[in-house]
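The structure appears right after this line, and notes come after that.
The values are calculated or read from the model by the stated rules, or taken from the named source; none is laboratory data. Just so you know, these numbers come straight off a predicted model, no measurement behind them. Counting neighbours? That spans all protein chains shown, and the Cβs are built from the backbone with ideal geometry, glycine included.
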Amino acid sequence: MDAFFASVEQRDFPELRGKPVAVGGNKERGVVAAASYEARKFGVYSAMPSVVAARKCPDLIFVKHRFDVYRAVSQQIREIFYEYTNLVEPLSLDEAFLDVTENKLAIESATKIAKEIKAKIKAATRLTASAGISVNKFLAKVASDIHKPDGCTLIPPENVAAFIDQLPIKKFFGIGAKTAEKMNAYGIHSGKDLKAFPKVELIRRFGKMGSYYYDIANGIDDRPVKPFRERKSYSTERTFDQDLQTMDEVKQKIVELASMVSKGTGKKNIKGKTVFIKIRFNDFITYTRQRTLHKITNEKTIIENTAIDLLTEFTTQFKPVRLLGVGLSNLDEKDQNQISLNL
């Protein structure tokens, strides 16, 4: 989906259309969860600190997130996918891989399927989506980003090598900004440059990821589309408008977060053996701490008490707190989809 959260807000509130919008945070604090394309022209992007975003775009309009609405729209879109294939692997609320090799409607053209899906999404939600079509996950993901918004990009098998050769390293899915910078230092600026390195050399320089980099440089990605992914954790976290100034305030919020984790895991029939907390101080230094229990649980009292106990480490080095999170990992569950709630 194109700027999904921000696009939903602009759809539902006409006064926001055509204006730079950021979902999440405010001018004083917080983090941008999504930015409209009008905001992106000023260099505002998701995961950017709100204060930086406001500095880049003084007219930026901050709106609160409505995750219940985004989830509902996401489900609408997913139902459209299932009209064509059951091989749907969601990556997030606004993105998924589809394997349409053998599709329900026996359509021979993947591009035709992509265009039909885009049109149905537009009709059902009044939102635009961008599609990438190719022979594997890596190439399809990269293709989907090329002509946003409302794009539809095909990379056929015969064009794969030439496409990768000219692709800037920073555009490679799975290569982050820091890795791209490190590659640049080695003279790797494009797919062609990356392809010139033997696998053994890439492993030596980049560890186990070197093998992945070698494969994608050569258009190799054999990962299947998996309709169910193993959940690694269930957590909820909150960034506060005002820093928490005392440990008592922190404990009170931990109790609230533990209750939400207990309720959420209970509804999904999930239990975990490891309780963890995340704490970010006002200097942006972030810590995580965890404790593995003797048995699986999703009981509020156990999660709460364990989380509060994990806090004791920070009693003597306490600083104002801007973010807290509580979660369960080492899960035992029936529902196999990963989830994280950001409040």
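Numbers for the structure displayed
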{"quantity": "Options 129, 123, 140; residue that is over 30 Å from residue 206 (Cβ atoms), in the same structural domain as residue 87 (by TED's automatic domain parsing) and without any contact (Cβ under 8 Å) to a residue 60 or more places away in the chain", "calculated": "123"}
{"quantity": "Close pairs from the stretch 68-85: first within 13 Å of residue 125 (Cβ to Cβ), partner surrounded by 14 or more Cβ atoms within 10 Å (Cβ to Cβ) and acidic (Asp, Glu), Cβ under 8 Å, at least 6 apart", "calculated": "70/94; 74/94"}
{"quantity": "Filter result (part of a loop (DSSP other than H, G, I, E, B), within 30 Å of residue 109 (Cβ to Cβ), within 20 Å of the chain's Cα centre (by Cα) and not small (Gly, Ala, Ser)) within the stretch 151-186", "calculated": "172, 173"}
{"quantity": "Tally of residues being farther than 13 Å from residue 47 by Cα and at pLDDT 95 or above across the stretch 6-33", "calculated": "16"}
{"quantity": "Residue 222 assigned by TED's automatic domain parsing to the domain that holds residue 72, surrounded by fewer than 17 Cβ atoms within 10 Å (Cβ to Cβ) and of a type outside the set (A, V, I, L, M, F, W, C)", "calculated": "no"}
{"quantity": "Residue list for the stretch 287-323, filter: within 26 Å of residue 269 (Cβ to Cβ), in contact with a strand residue (DSSP E or B) (Cβ under 8 Å, 6 or more places away or on another chain) and surrounded by 15 or more Cβ atoms within 10 Å (Cβ to Cβ)", "calculated": "290, 293, 296, 297, 298, 302, 303, 306, 307, 310"}
{"quantity": "Selected residue (criterion: farthest from residue 276 (Cα to Cα)) from residues of the stretch 187-239 that are among the hydroxyl-bearing types (Ser, Thr, Tyr) and in a helix (DSSP H, G or I)", "calculated": "214"}
{"quantity": "Residue tally, condition outside any loop (DSSP other than H, G, I, E, B), more than 22 Å from residue 238 (Cβ to Cβ), touching a helix residue (DSSP H, G or I) at 6+ places or on another chain (Cβ under 9 Å) and acidic (Asp, Glu), over the stretch 1-37", "calculated": "1"}
{"quantity": "Residue 196 among the hydrophobic types (A, V, I, L, M, F, W, C) and in contact (Cβ under 8 Å) with a residue 12 or more places away in the chain", "calculated": "no"}
{"quantity": "Among the residues listed as 239, 246, the single one being assigned by TED's automatic domain parsing to the domain that holds residue 326 and closer than 30 Å to residue 296 by Cα", "calculated": "239"}
{"quantity": "In the stretch 5-60, residue surrounded by the most Cβ atoms within 10 Å (Cβ to Cβ) [restricted to those that are polar (S, T, N, Q) and touching a residue at least 40 places away in the same chain (Cβ under 8 Å)]", "calculated": "7"}
